[in-house]
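Some notes on the structure that comes next.
The values are calculated or read from the model by the stated rules, or taken from the named source; none is laboratory data. A quick note: this is a predicted structure, and the numbers were derived from the prediction, not measured. Don't worry about glycine lacking a Cβ; one is built from the backbone with ideal geometry, like all the others, and counts go over all protein chains shown.
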Amino acid sequence: MNRMDTIGFIGLGRMGRAMAANLLAKGFALTVLDIDPRPVGELVGLGAKAGTSVAQIARDCTLVITMLPTAVEVEQVALGPDGVFANAARGSLLMDMSTIDPLATDRLQAAALARGLSVVDAPVGRLAEHADRGESLFMVGASDADLARVRPLLDAMGTTVHHCGGVGTGGRTKLVNNFVAVTLTQVNAEALALSQRFGLDITRTLAVLLGTSANNGQLRMNFPSKVLAGDTTPGFTIDLAHKDLALVLGAAHAARVPMPVAAAVFESFSLARAGGYGGIDFSGIADANCDVAKIERARVPKGWTPG
């Protein structure tokens, strides 16, 4: 990063709070802001300065990070009359780490260029527990110069940085990744429900699935420590997975790419949300599927780990 950069961080939800805490732990000075005062207070306790408004952060900080729920909030923060772009000095940079509609990122880039500002889109891969440990993965859309400027921050928050291309490619890569990840949770959920209905031993079934081409990262990395262990406390919720699938479908329709599998998985997650499962971890789609079919939920013995 530019040695003269001052850093603002807007959006301190489950992921943003952890990422900001890692920046503080690595010695970066931050001014932080969120509509919820609790994470602001927690980070102030770790050494951050509390911001008073988006405009104040934009005036005082030359590099502003946003980690917000949707494109609506990102565009309000960036483009509003009291937002980042209206108050930032020329040469300032906005790094948006939210997962949003790529067309919104394109709008941000156009508005930034017109004001002599820069945009980087750097959505986050992996889960909340990885963010807690500073092990996130980032998919970055940026010029080479802007990537060099934000690289020390990304290295402080994670372990893996993929430069996907120019502005907008990070978010588009994230949608491709999340389409596969969320779809695999649905496939795994259906397979486990079928296994349960057949009366198969869960650990023997998993041994087969993990030892053939049916193996996948969700089944090996996420399911054993989450839903199969009876833990559906959210790292990445069904609600967020549903939101990301909506973004996938919207972007695909805009690009005239048919995605019938994504549409089917989207509706399965819609049913889960309607059934009250929206706030649980997205691996919990396995429980939702079993409950609908009145099948005993799939669980591994305590202490079991993939071989």
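A few notes on this one:
- From the options MET139, MET95, residue that is at negative phi, in contact (Cβ under 8 Å) with a residue 40 or more places away in the chain, part of a strand (DSSP E or B) and in the same structural domain as HIS162 (by TED's automatic domain parsing): MET95
- Hits in region 60-88 - residues which are acidic (Asp, Glu) and assigned to a helix (DSSP H, G or I): ASP60, GLU73, GLU75
- Subset of region 26-59 [aliphatic (A, V, I, L, M) and either outside any helix (DSSP H, G or I) or modelled with pLDDT under 95 (or both)]: ALA29, LEU30, VAL32, LEU33, ILE35, LEU46, ALA48, ALA50
- The residues of region 159-184 that are under 18 Å from VAL74 (Cβ atoms), polar (S, T, N, Q) and crowded, with 21+ Cβ neighbours inside 10 Å amount to a single one, ASN178.
- Qualifying positions in region 147-158 - buried (at least 20 other Cβ atoms within 10 Å of the Cβ) and either assigned to a helix (DSSP H, G or I) or not assigned by TED's automatic domain parsing to the domain that holds SER118 (or both): ARG149, VAL150, LEU153, LEU154, MET157
- Of everything in region 185-196 that is of a type outside the set (A, V, I, L, M) and surrounded by 17 or more Cβ atoms within 10 Å (Cβ to Cβ), the residue that is farthest from ARG220 (Cα to Cα) is GLN196.
- Identity of the residue in region 262-277, without any contact (Cβ under 8 Å) to a residue 60 or more places away in the chain and crowded, with 20+ Cβ neighbours inside 10 Å, that ends up nearest to ALA181 (Cα to Cα): PHE266
Yes/no matrix, rows are residues, columns are (1) assigned to a helix (DSSP H, G or I); (2) of a type in the set (Asp, Glu); (3) not assigned by TED's automatic domain parsing to the domain that holds LEU194:
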{"residue": "PHE269", "(1), (2), (3)": "yes, no, no"}
{"residue": "ALA272", "(1), (2), (3)": "yes, no, no"}
{"residue": "GLY278", "(1), (2), (3)": "no, no, no"}
{"residue": "SER283", "(1), (2), (3)": "yes, no, no"}
{"residue": "ALA286", "(1), (2), (3)": "yes, no, no"}
{"residue": "ARG297", "(1), (2), (3)": "no, no, yes"}
{"residue": "LYS302", "(1), (2), (3)": "no, no, yes"}
{"residue": "THR305", "(1), (2), (3)": "no, no, yes"}
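- Scanning region 227-261 for residues that are in a helix (DSSP H, G or I) and surrounded by fewer than 20 Cβ atoms within 10 Å (Cβ to Cβ) yields ALA229, ASP239, LYS243, ALA246, LEU249, GLY250, ALA251, ALA252, HIS253, ALA254, PRO260, VAL261.
- Filtered by the rule that a residue be free of Cβ contacts under 8 Å to residues at least 60 places away in the same chain and within 11 Å of GLY284 (Cα to Cα), region 217-238 gives LYS226, ASP231, THR232, THR233, THR237, ILE238.
- Which numbered condition ALA189 fails, given (1) assigned by TED's automatic domain parsing to the domain that holds GLY284; (2) part of a helix (DSSP H, G or I); (3) free of Cβ contacts under 8 Å to residues at least 60 places away in the same chain: (3)
- Residue match in region 203-216 (condition: surrounded by 20 or more Cβ atoms within 10 Å (Cβ to Cβ), outside the structural domain of ASP101 (by TED's automatic domain parsing), within 21 Å of ASP281 (Cβ to Cβ) and not aliphatic (A, V, I, L, M)): no
- Residue, surrounded by the most Cβ atoms within 10 Å (Cβ to Cβ), within region 99-134, restricted to residues that are in contact with a strand residue (DSSP E or B) (Cβ under 6 Å, 6 or more places away or on another chain), modelled with pLDDT of 95 or more and not aliphatic (A, V, I, L, M): ASP121
- Flag if HIS163 is under 27 Å from MET95 (Cβ atoms), free of Cβ contacts under 8 Å to residues at least 40 places away in the same chain, assigned to a helix (DSSP H, G or I) and not hydrophobic (A, V, I, L, M, F, W, C): no
- Single unsatisfied condition, PRO224 versus (1) assigned to a helix (DSSP H, G or I); (2) closer than 30 Å to PRO301 by Cα; (3) not hydroxyl-bearing (Ser, Thr, Tyr): (1)
- The single condition from (1) under 20 Å from ARG151 (Cα atoms); (2) within 22 Å of the chain's Cα centre (by Cα) that ARG14 fails is (1).
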